[in-house]
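What follows is a short report on a single structure.
FYI, it's all coordinate maths here, none of it is from the lab. Fair warning: this is a prediction, and the values are worked out from it, not measured in the lab. Here the Cβ positions follow ideal geometry from the backbone for every residue, glycine too, while neighbour counts run over all protein chains shown.
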């Protein structure tokens, strides 16, 4: 099993996201007063962002969308297979039920 990379992250609060990305002037001034060091403010912002994130399982792709994408990219996948000298037909054939 491979480690999770770029997991499906969703913000717990969009309000917190908005405040961290574009804080109102009053919030910025208070932050400068209470945390004068710019590096510490940035670290605090990153920490608040990480606390505001919830990891959720991805919604599986619908079979209809999968078929549409396989059809759309079939020619490109075939050309790539020729360039690489490999059989990539598994990328464009529907998956069989296990």
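With an a/c value of 1.5 or above and a/b not larger than b/c for the gyration tensor axes a ≥ b ≥ c computed over the alpha-carbon atoms, the range 9-55 is described as oblate. Here each label is just a point 7 Å from Cα along the line to Cβ, and for residue 41 and residue 78 those points are 5.8 nm apart. Across the chain, C-alpha contacts under 8 Å between residues 6 or more apart give a mean separation that, scaled by the residue count, equals a relative contact order of 30 percent. Compute the Cα gyration tensor for the chain, then decide on rounded, prolate or oblate, letting a ≥ b ≥ c be the square roots of its eigenvalues: rounded whenever a/c is under 1.5, prolate when a/b is larger than b/c in the other cases, and oblate in all that remain. The shape class here is prolate. In the chain, the DSSP-assigned H stretches of four residues or longer account for a calculated mean residue ellipticity at 222 nm of -17500 deg cm²/dmol, using -39500 (n - 2.57) per stretch and the full residue count as denominator.
Helix 63-84 and the longest principal axis of the Cα set of the chain meet at an angle near 70°.
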